[in-house]
1. Let me spell it out: the conditions are (1) in contact (Cβ under 8 Å) with a residue 24 or more places away in the chain; (2) surrounded by fewer than 20 Cβ atoms within 10 Å (Cβ to Cβ); (3) at negative phi, and residue 20 meets all of them except one. Which number is the exception?
2. Residue check, residue 100 against (1) out of contact with any Lys or Arg (no Cβ under 6 Å at 6 or more places or on another chain); (2) outside the structural domain of residue 39 (by TED's automatic domain parsing), all met but one. Which one?
3. Out of the stretch 212-235, which residues are farther than 18 Å from residue 147 by Cα and in contact with a Gly (Cβ under 6 Å, 6 or more places away or on another chain)?
4. What helices (runs of 4 or more DSSP H) completely inside the stretch 205-309 contain at least 3 residues that are surrounded by fewer than 21 Cβ atoms within 10 Å (Cβ to Cβ) and either under 15 Å from the mean Cα position of the chain (by Cα) or in the same structural domain as residue 35 (by TED's automatic domain parsing) (or both)?
5. Look through 180, 185 and report the one residue that is within 20 Å of residue 316 (Cβ to Cβ) and either part of a helix (DSSP H, G or I) or outside the structural domain of residue 251 (by TED's automatic domain parsing) (or both).
6. If you check residue 108 against the conditions, is it of a type outside the set (A, V, I, L, M) and under 23 Å from the mean Cα position of the chain (by Cα)?
7. Confirm whether residue 12 is under 30 Å from residue 310 (Cα atoms), touching a Leu at 6+ places or on another chain (Cβ under 8 Å) and part of a strand (DSSP E or B).
8. Going by the structure shown, is residue 163 touching a residue at least 12 places away in the same chain (Cβ under 8 Å) and of a type outside the set (Ser, Thr, Tyr)?
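The values are calculated or read from the model by the stated rules, or taken from the named source; none is laboratory data. This structure is a prediction, so every number in the text was calculated from the model and none was measured. Here the Cβ positions follow ideal geometry from the backbone for every residue, glycine too, while neighbour counts run over all protein chains shown.
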Amino acid sequence: MPHYAALRPESVLDAVAAAGFDPDGRLLQLNSYENRVFQVFLEDGAVVVAKFYRPERWSDAQILEEHAFALALDAADVPVVAPLPLQPRDDDHLLTLHGDPPTLATIRFDGEPFRFSVSPRRAGRAPDLEDPMVLQWLGRFLGRLHAVGAQASFEHRRTLDVATFGEAARQRLLDGDFIPPDQLPGWRSTCDAALSAVRELFESAGAVRRLRLHGDCHPGNILWRDEGPHVVDLDDACTGPAVQDLWMLLSGEPPAMAAQMGQILQGYRLFMPFDTRELALIEPLRTLRMIHHSAWLAERWSDPAFPAAFPFFGTAAYWSQQTSQLREQLAAMAEPPLEMY
């Protein structure tokens, strides 16, 4: 991507130094498709993580809302990794700071503006989702996160709904001609049927509560330490139903998922009530995630990292598979929701 070509290692170190830290010259680029993320070693022995945001994905206001949410969670002792306040040196005029406290900065390299934040480094391992005690602990964690999320509302972040994650994503794929002509009729008709089923299920669920969420709470985004779970990134924080942060922890056939959800809710309900009508939204939310993911790949296709990492995208086999999976989702959405005993 041309913009990121200006982000050389020395530029990363210069940006972190301008923000008030003292790098010792060592850094390590971390895996991240969406942003450019670096582990930066400091002269005092500490290690921080610098995240350079993808241009034009989020506005400053959206990023600052994410930061404010993380800071609110941190203040409530919910284990998330919040951004550090930036304290540039008095004679440093390279940065434009945003936020109160300032947690977002803009710096220019080769005429290109880069927005970045700095946070502490936190490590961990994947949670053992086969352990009922781990599921209960994750439920308590998410209940606490949602209890803070319910205390205020996002004004600028996205809302997880059919229009944004389904219909708009579908249209981006069609407008960009990403689907081969021989696969287009089958995918389009199946996608339309799936979105119709999603709309019906959202409407039949009624006015379930929407609140501030992590938004992308799959197991890979949860790190486990001896003291329990934490998350390091709220980049996809959004407004939506609480079950969005729960369903991606489930796996297997419906009876197994029901048992897992029962363990999660046992912990969750210690801190937050849960509306069981939201169980009917699990498969619709899974369907929206599938369509949205294809649109996400399409939007990033000009970034050289994406064709290298996802060479199958755009092939006839990929779209045939997507059509088959959407048909499976149509069948899943026609089934009764999970039953909690």
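1. (3)
2. (2)
3. 223, 224, 225, listed by residue number.
4. Fully inside the stretch 205-309 and qualifying: 282-299.
5. Sole residue among the options that is within 20 Å of residue 316 (Cβ to Cβ) and either part of a helix (DSSP H, G or I) or outside the structural domain of residue 251 (by TED's automatic domain parsing) (or both): 185.
6. Numbers: of a type outside the set (A, V, I, L, M): yes; under 23 Å from the mean Cα position of the chain (by Cα): no.
Taking the combined requirement at face value, the residue does not satisfy it.
7. Details: under 30 Å from residue 310 (Cα atoms): yes; touching a Leu at 6+ places or on another chain (Cβ under 8 Å): yes; part of a strand (DSSP E or B): no.
No, not satisfied.
8. Working: touching a residue at least 12 places away in the same chain (Cβ under 8 Å): no; of a type outside the set (Ser, Thr, Tyr): yes.
When the stated conditions are applied, residue 163 does not pass them.
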